[in-house]
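What follows is calculated from the coordinates using simple rules that are stated; it is not laboratory data. From a predicted model like this one, the values you see are computed outputs, not experimental measurements. All Cβ positions, even for glycine, are placed from backbone atoms using ideal geometry, and neighbour counts span all protein chains on display.
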Amino acid sequence: MTTGFVFHELYLWHNTGNDPLFAPAGLTVQPGEHAENPETKRRMKNLLEVSGLTDHLAMLKPRPATDDELARFHTRAHIDRIRQMSDSGGGDASEMTPFGTGSFEIAKLAAGGAIVALEAVLSGQVSNAYALIRPPGHHAVADLGMGFCLFANAVVAIHHGRAVHGLGRVAVVDWDVHHGNGTQAAFYDDPQTLTISLHADRLYPANSGTLAERGEGAGFGYNLNIPLPPGSGDGAYLDAVQRVVLPALHRFKPDLIVVACGFDASAADPLGRMMVTSDGFARMTALVMQAADALCGGRIMMTHEGGYSAQYVPYCGLAVLETLSGVSTGVVDPFLDHMKGFGQMELQPHQAAAVDAAAALVADIG
Ligand SMILES: [Zn+2]
């Protein structure tokens, strides 16, 4: 079993500046660092190296996605607008998505990184793959960047897999704490792509990701949202994976599973309000791997999405990659015992009710 790993130094050079997110422009509050800054990604990469895990991974070199590859999902107007802003000092792709000079090229390298990871899995070069790419992608829609995302990395990779490699049914499991609205929009009428998003109820985007958003036309039933109450921990997330995600995957029978892997549902995240631990992320990974082994030859490709705790994301990332690769480094998450003791880490009745509501929709996947 070999796990592929995509990374490039340029991913850390995407400059989001000191945008204060929700604060209005002007001298209302001292600017700080943008939440989506390089540190979480840099420190995750560093821990993978120092732990020795990198030695067991197959390094995959990313390439830039072409304009035509991006345009399988994005409008030419969006692509050109990002290019023009990037070439003229930077700008904002829309809400809270600032970027600087060169981010157009870096965003193309991120989308291309997802393509390379997907191709390595499809060709059998690796058993599964993780793309530690930046900027993230799951909020970007066809004609707009959103929520720190410029281009929809996973969507572009899936379209490429279909157009070039004959890829068939794809299931996307998105456990970033925010709703995967861009991925949902990309495949909303497509019965060949099952999109599942586990997220904090109406955290971002506003009023997005409800149970009622189920797809349209031939794609009805193939979009599944699992909005969870704030405060959900390992118990709620594992219950949702076991009672909604796994049954949905088994009904759908994908040829490949894409995981939009954000770590902002962690118990230490500054933007999320959930309590997942590194052990929770590892166990969710193991469950999805079991489904992939049963359904699609183990083929999983993960794209890195959100996650904003510079202290904790590295341990969550290490746990996921140890699970994907089957290699244990022996590095202990120093936060884990403390977090496991948090009140209501186990499944709570109101969380089980939220999972029940989503589980009732699985039967429509045919
Ligand atoms: Zn997120």
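Over the chain, what is the mean sequence separation of C-alpha contacts under 8 Å (at least six apart), divided by residue count, expressed as relative contact order in percent?
18
Which whole-number percent is the relative contact order of segment 1-141 (Cα, under 8 Å, 6+ apart)?
40
Could you run the Karplus curve 6.51 cos²θ - 1.76 cosθ + 1.60 with θ = phi - 60° over segment 337-354 and give me ³J(HN,Hα) per residue in whole Hz, x for Gly and Pro?
In residue order, the calculated couplings are 4, 4, 5, 4, x, 4, x, 6, 5, 6, 4, 9, x, 5, 6, 4, 5, 5 Hz.
What's the FRET efficiency of Ser88 with Ala357 using the Cβ-Cβ distance as r and R₀ = 51 Å, to the nearest 0.05?
Efficiency computed from Cβ-Cβ geometry: 0.60.
State to the nearest 20 debye the size of the charge dipole of the chain about its Cα centre, where the only charges are +1 on K and R beta carbons and -1 on D and E beta carbons.
Charge dipole, the chain, about its Cα centre: 500 debye, nearest 20.
Go through segment 121-132 residue by residue and turn each phi into a ³J(HN,Hα) via Karplus (6.51, -1.76, 1.60, θ = phi - 60°); whole Hz please, and just put x for glycine and proline.
6, 5, 7, x, 4, 10, 6, 8, 8, 10, 9, 8
Where in segment 196-223 does the label zone of Arg273 land, with the point 7 angstrom along Cα→C-beta and an amide N cut-off under 12 Å?
Only 200-204 fall inside the zone, counting backbone N under 12 Å.
Can you tell me the FRET efficiency between Gln242 and Asp67 if r is taken as the Cβ-Cβ distance and R0 is 41 Å, rounded to the nearest 0.05?
Efficiency computed from Cβ-Cβ geometry: 0.50.
What is the chain by shape, rounded, prolate or oblate, if you read a ≥ b ≥ c off the alpha carbon gyration tensor as root eigenvalues and call it rounded for a/c under 1.5, prolate for a/b larger than b/c, and oblate otherwise?
It is rounded, given that a/c, with a ≥ b ≥ c, falls under 1.5.
Taking square-rooted eigenvalues a ≥ b ≥ c of the alpha carbon gyration tensor, is segment 218-350 rounded, prolate or oblate, where a/c under 1.5 means rounded and, failing that, a/b exceeding b/c means prolate?
Cα axes put segment 218-350 in the oblate bin.
What distance in nm lies between label points placed 7 Å from Cα along the C-beta direction at Phe22 and Ala58?
4.4
If I stretch the segment between Thr101 and Met1 completely, what's the gain in nm (0.36 nm per residue apart, minus their alpha carbon distance), one decimal?
This chain segment gains 32.0 nm when fully extended.
Given DSSP loops and a limit of at most 16 other Cβ atoms within 10 Å, what is the longest stretch of the chain that contains no such chymotrypsin sites (Phe, Trp or Tyr not before Pro)?
The longest uninterrupted stretch comes out as 23-219.
Treat each spin label as a single point 7 Å out from the Cα along the C-beta direction, and report the Asp189 to Asp143 distance in nm.
Taking the two extended label points, one gets 1.5 nm.
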